[in-house]
Amino acid sequence: QVRVVESGGGLVQAGGSLRLSCAAFGSIFSINAMGWYRQAPGKQRELVAVSISGGNTDYADSVKGRFTISRDNAKNTVYLQMNSLKPEDTADYYCNADVRAGRWSSLRTYWGQGTQVTVSS
């Protein structure tokens, strides 16, 4: 079994910064992609940023230039540095990990419980 745990959310003023962390624990042979998603009240969950094994990253247009995703493969951890935060960044932020439990196992996606980010104007 695999657990994904996020941390680092909170309340910040517009223009401020927060750093989110997400770690995967459990029966892990390898992790392909780790990503951050967010869901604001009344809206659908959307991709914020993703880090793919090999170093490739991708970002939503709304966060490019402000957010940076980074990854520590040795710790099965991904980070999201969020700078120049705006009120519209307010949402629950979720992390997921595409995990292979064994050498011949298929990839399976695990989600964390989410961490709340509130940006005040």
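The values are calculated or read from the model by the stated rules, or taken from the named source; none is laboratory data. All values reported here derive from a predicted model rather than from experimental measurement. Cβ: placed from backbone, ideal geometry, glycine included. Neighbour counts: every protein chain shown. Please note that ligands, DNA and RNA were not included when accessible areas were found on the heavy atoms of the full protein model with its side chains. Shrake-Rupley method; radii C 1.70, N 1.55, O 1.52, S 1.80 Å.
Yes/no matrix, rows are residues, columns are (1) touching a residue at least 24 places away in the same chain (Cβ under 8 Å); (2) more than 20 Å from TRP111 (Cα to Cα):
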residue	(1), (2)
ARG66	no, yes
SER70	no, no
THR77	yes, no
ASN83	yes, yes
Among the residues of the range 101-117 satisfying the criterion of being surrounded by 13 or more Cβ atoms within 10 Å (Cβ to Cβ) and over 16 Å from the mean Cα position of the chain (by Cα), which is modelled with the lowest pLDDT? ALA101
Of the residues in the range 60-75, how many are over 12 Å from the mean Cα position of the chain (by Cα) and more than 14 Å from ARG38 (Cα to Cα)? 7
Would you confirm whether or not the range 78-98 contains a residue that is out of contact with any Gly (no Cβ under 8 Å at 6 or more places or on another chain), more than 20 Å from SER121 (Cα to Cα) and open to solvent by 50 Å² or more (accessible area, probe 1.4 Å)? no
Which of (1) at pLDDT 95 or above; (2) under 14 Å from ASP89 (Cα atoms); (3) open to solvent by 60 Å² or more (accessible area, probe 1.4 Å); (4) not aliphatic (A, V, I, L, M) is the odd one out, the single condition PHE25 does not satisfy? (2)
